[in-house]
Amino acid sequence: MSSDIACKLARNAGIAMILAASAFLSACQVRPLYSEQSGVVEKLSSVGFSEAGSRVEQQVRNRLIFLASRGAGEAVNPQYEVEMHATSAVADTLLVESSDTSRAGRVTVNVTYTLRATSDNHVIKAGSRQATALVDFSEQEFAKQRAIRDAENRAADQAAEFVGADIAAALSR
């Protein structure tokens, strides 16, 4: 008889937990970032980006333009402007002490940005993002330099993805 009561209590507690969880989740206001109702796609297509001062900045800028416009190119009359600066740093990680050379490294691209409305120069969002790419160093100098450049491109593209997501989230509010 006591096991019947325990089963009923456990069943009622389970039902109560399901009802509480469904009530909690129904209050959730999650919606897709790029939904048509949010208008983010139109806002992103009207974002302009500052000119690049280095090769890595140009890589980040090109990727951001592609992400913002969905491949349609840069906005002619932007409503928003992104001022950005990108830097790259190479660090040796696997040092061979006998020959004092490195076999592997890490390339880090750091991007600082400020998103402003062009109408009143109001800062909407400012921040920084970084991405790291690993690289193997060759004995040949040209191959080593090319590997570093490829790693910079990978890290720059990844950092641009982060910045693009930040910009989209800021424009969705």
Among all residue pairs at least 6 apart or on different chains, which show Cβ distances below 8 Å where the first residue, located in region 68-83, is within 15 Å of Ile167 (Cα to Cα) and the second is exposed (fewer than 11 other Cβ atoms within 10 Å of the Cβ)? Gln79/Ser119
Residue check for Thr114: among the polar types (S, T, N, Q) and modelled with pLDDT under 85: no
Exactly one of these conditions fails for Ala155: (1) surrounded by fewer than 20 Cβ atoms within 10 Å (Cβ to Cβ); (2) small (Gly, Ala, Ser); (3) at pLDDT 95 or above. Give me its number. (1)
Would you mind finding the one in Arg129, Arg149 that is open to solvent by 30 Å² or more (accessible area, probe 1.4 Å) and closer than 28 Å to Ser45 by Cα? Arg129
For Gln140, are the conditions met, namely being open to solvent by 60 Å² or more (accessible area, probe 1.4 Å) and farther than 21 Å from Leu64 by Cα? yes
Could you tell me whether any residue of region 99-110 is in a helix (DSSP H, G or I) and either open to solvent by 70 Å² or more (accessible area, probe 1.4 Å) or under 21 Å from Ala75 (Cα atoms) (or both)? no
Exactly one condition in (1) open to solvent by 90 Å² or more (accessible area, probe 1.4 Å); (2) in a strand (DSSP E or B); (3) not β-branched (Val, Ile, Thr) is not met by Tyr113; state its number. (1)
Kindly check whether there is at least one residue in region 24-36 that is open to solvent by 50 Å² or more (accessible area, probe 1.4 Å) and at pLDDT 90 or above. no
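The values are calculated or read from the model by the stated rules, or taken from the named source; none is laboratory data. All values derive from a computational prediction rather than experimental measurement. Quick reminder, even Gly has a Cβ in these numbers, built from the backbone with ideal geometry, and neighbours come from all protein chains shown. Surface accessibility is based on the protein's heavy atoms, side chains included, excluding ligands, DNA and RNA. Shrake-Rupley method; radii C 1.70, N 1.55, O 1.52, S 1.80 Å.
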